[in-house]
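Here's the structure we're looking at; comments come further down.
The values are calculated or read from the model by the stated rules, or taken from the named source; none is laboratory data. Since this is a predicted model, take the numbers as computed values, not measurements. Neighbour counts are summed over all protein chains in view; Cβ atoms, including those assigned to glycine, are modelled from backbone coordinates with ideal geometry. The protein model used for the area step is the full one, side chains on, heavy atoms only, and it has no ligands, DNA or RNA in it. Shrake-Rupley method; radii C 1.70, N 1.55, O 1.52, S 1.80 Å.
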Amino acid sequence: MKNIAILCSGGDVSGMNPAIKHFVEYSLKKGLIPYLVYDGYEGLIDNNIKKATYNDVAGIMIRGGTVIGSARSKRFMQSEFRAQAKRNLDAHNIDMLVVLGGDGSFRGLHTFYKEHGIKFCGVPSTIDNDINGTDYCLGVDTALNIIKVAIDAVRDTAASFRRAFVIETMGRDCGYLALVSHLTSGSELCLIPELPYNLQDYKEEFQKQIKNGRRYFLAIVSEGIKQDAQEIAEWFENEVGIESRVSVLGHIQRGGNPSIYDRLMAYKFVNYAIDGLLGEHDESVICYTKQGFVYRAIDEVAGHIKPLDPELISYLS
Ligand code: ADP
């Protein structure tokens with residue numbers, strides 16, 4: 001029997017629990033012994049590694065976050081602690097890892113593989129959808145659905161009070177969440193880091209719309225733009241002439257019951273990850289592309305800026 005382990009590293013996303021559940025089930029189906037590593041690389045170093053049973057993952061499908069915890073680990077950046085992690089894995093006879101994480105986590109794994117030969121498959125997991133080489137990252141769909149509910153709720157109050165609402169989404173330097181939310185909510189303004197903007201270009205048009213009876217504006221702005229949401233709100237008040245409010249969605253975008261799409265993607269990502277490890281893919285990231293699932297080398301994924309889909313950007317102009 002071969003032993004295999006799963007861990008979560010970096011920011012948590014909704015969809016990790018469905019992935020963990022399926023990891024246990026699919027490993028057992030393939031004749032492997034599944035292990036859970038708690039609290040990311042910290043758990044590898046501290047030997048927080050436990051053999052999994054069906055009971056450990058029963059009922060977790062509907063829960064956001066991750067029941068095995070995630071962490072950032074400064075210690076894993078140091079070779080002595082990676083050596084300690086290797087000794088712990090050896091003690092459990094584990095030489096295959098599935099890691100739900102982002103760019104940084106995969107880079108760490110690659111170093112670990114080169115030093116100690118622990119095979120890995122990375123599953124791209126971040127709501128920002130900014131990992132190069134994959135069109136989709138686990139957690140994105142649930143985040144978009146949470147944002148949708150928030151925007152719809154804000155719209156009700158905006159319309160009642162004749163207000164402009166500036167809604168800030170996450171995404172670091174990637175405007176994906178803001179752009180898709182804008183296109184699918186019919187908001188009036190969308191600002192993303194990928195596109196330069198000048199607010200004054202919108203002033204006349206917005207004032208004309210108010211004269212023609214518009215009661216409210218919704219502006220969706222990505223956290224990575226050059227101004228903060230408060231400054232955009234002040235522009236609405238001072239230049240356009242409409243009372244305004246700011247709504248920073250923050251961490252609610254990370255939580256919530258995983259969407260059907262994320263549950264299904266979790267299932268597929270894990271199948272491919274385990275199949276890859278049992279096949280010839282010793283150090284890869286499983287990516288989802290227009291051609292389907294592909295295994296990519298770490299150098300294609302980590303350390304690159306992922307360009308935002310030009311087709312989506314073109315809808316803004
Ligand atoms: P993400 O995986 O979401 O990009 P981070 O960049 O914070 O998140 O990385 C998560 C963890 O991966 C870090 O806390 C660290 O333990 C590990 N890691 C990142 N880069 C390296 C590296 N170059 N070498 C070793 N470990 C790394």
Worksheet item: Relative to the first principal axis of the alpha-carbon coordinates of the chain, what is the inclination of helix 140-161, with its axis defined by its Cα atoms, in degrees from 0 to 90 and to the nearest 10?
Response: 20 degrees
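Using a 1.4 angstrom probe, figure out how much accessible area the stretch 141-254 has per residue, in square angstrom, rounded to the nearest whole.
Numbers: 5460 Å² over 114 residues.
Spelled out: the 1.4 Å probe surface of the stretch 141-254, per residue, equals 48 Å².
Under the definition of Cα pairs under 8 Å and six or more residues apart, what whole-number percent is the relative contact order of the chain? The partial results should precede the final answer.
On the way: 682 pairs, mean separation 71.6, N = 317.
Reported as a whole number, the value is 23 percent.
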Worksheet item: Taking residue 74 as the anchor, which aspartates and glutamates have their alpha carbon closer than 20 Å to its alpha carbon, excluding any fewer than eight residues away along the same chain?
Response: 12, 39, 42, 46, 103, 115
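If you count, for each residue, the other Cβ atoms within 10 Å and average over each peptide, how do 79-85, 95-101 line up from highest to lowest? Mind showing how you got there, number by number?
Numbers: 79-85: 16.1, 95-101: 25.9.
Order by mean packing, descending: 95-101, 79-85.
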Fill in: Listed pairs 119/306; 114/268; 268/290 exceeding 18 Å between Cα atoms
119/306; 114/268
Worksheet, complete the sentence: Between the Cα axis of helix 260-278 and the main Cα principal axis of the chain, the angle (0 to 90°, nearest 10) is 30 degrees
Worksheet item: GNM on the chain, C-alpha springs below 10 Å: top fluctuator among 290, 50, 148?
Response: 290
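When the helix-only estimate is applied to the chain (DSSP H runs of n ≥ 4, each -39,500 (n - 2.57), divided by the residue count), what is the mean residue ellipticity at 222 nm, nearest 500 deg cm²/dmol?
Details: 12 runs with 130 residues, N = 317.
It lands at -12500 deg cm²/dmol.
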Worksheet entry | P(r), alpha carbons of the stretch 141-254 - 5 Å bins starting at zero, rounded % | 2, 13, 25, 26, 20, 10, 3, 1
Practice prompt. Any chance you could give the angle, 0 to 90 degrees and rounded to 10, that helix 16-29 forms with the longest Cα principal axis of the chain?
Written response: 30 degrees
Item to complete: Determine the gain in length on full extension of the stretch residue 294-residue 53; use 0.36 nm per residue of separation and subtract their C-alpha separation, reporting nm with one decimal.
Response: 83.8 nm
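To the nearest 20 debye, what is the magnitude of the charge dipole of the stretch 169-282 about its Cα centre, counting +1 on the Cβ of each Lys and Arg and -1 on the Cβ of each Asp and Glu?
Values: 11 positive and 17 negative charges, 103 e Å.
Dipole of the stretch 169-282, to the nearest 20 debye: 500 debye.
So which chymotrypsin sites (Phe, Trp or Tyr not before Pro) in the stretch 255-317 are both in a DSSP loop and have at most 13 other Cβ atoms within 10 Å of their Cβ? Intermediate results must be reported in sequence, preceding the final value.
Details: sites: 261, 267, 269, 272, 288, 293, 295, 315; in loops: 315.
Here the sparse-neighbourhood loop sites are 315.
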Worksheet item: Do you know the relative contact order of the stretch 159-310, to the nearest whole percent, from alpha carbon pairs under 8 angstrom that are 6+ apart?
Response: 27 percent
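Short version: what are the Cα gyration tensor semi-axes of the chain, square root of 5 times each eigenvalue, largest first, in whole Å?
Details: eigenvalues 359, 68, 54 Å².
Taking √(5λ) for each eigenvalue gives 42, 18, 16 Å, largest first.
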Worksheet, complete the sentence: Sorting 37, 13, 197 by the position of each Cα along the dipole of the chain (Lys, Arg +1; Asp, Glu -1; all at Cβ), the one nearest the positive end of that ordering is 37
Worksheet item: What is the antiparallel percent of DSSP beta bridges lying wholly in the chain, to the nearest 5?
Response: 20 percent
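Please report the antiparallel percentage of the DSSP beta bridges confined to the stretch 1-110, to the nearest 5. Please list the in-between numbers first.
Values: 3 of 13 bridges.
The answer is about 25 percent antiparallel.
Going by average Cβ neighbours within 10 Å, how do the peptides 64-70, 40-46, 156-162, 174-180 rank, with the highest at the top?
On the way: 64-70: 20.6, 40-46: 24.1, 156-162: 13.6, 174-180: 25.9.
Ranking the peptides 64-70, 40-46, 156-162, 174-180 by packing returns 174-180, 40-46, 64-70, 156-162.
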Practice prompt. Mind telling me which of 258, 124, 34 comes out most flexible in a GNM of the chain, alpha-carbon contacts under 10 Å?
Written response: 34
Worksheet item: Among 11-23, 184-196, what's the highest-first ranking by average C-beta atoms within 10 angstrom per residue?
Response: 11-23, 184-196
Practice prompt. State to the nearest 20 debye the size of the charge dipole of the chain about its Cα centre, where the only charges are +1 on K and R beta carbons and -1 on D and E beta carbons.
Written response: 840 debye
Practice prompt. Using Cα pairs closer than 8 Å and at least 6 residues apart in sequence, work out the relative contact order for the stretch 139-193, in percent.
Written response: 31 percent
Item to complete: Could you tell me which of rounded, prolate or oblate describes the stretch 122-207, using a ≥ b ≥ c as the square roots of the eigenvalues of the alpha-carbon gyration tensor, with rounded for a/c under 1.5 and, failing that, prolate when a/b is larger than b/c and oblate otherwise?
Response: oblate
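Run the accessible area of the stretch 141-254 with a 1.4 Å probe and give the carbon-and-sulfur part as a rounded percent.
Working: 2520 of 5460 Å².
Carbon and sulfur together cover 46 percent of it.
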Fill in: Spatial separation of Cα centroids for the stretch 75-154 and the stretch 194-273, in angstrom
28 Å
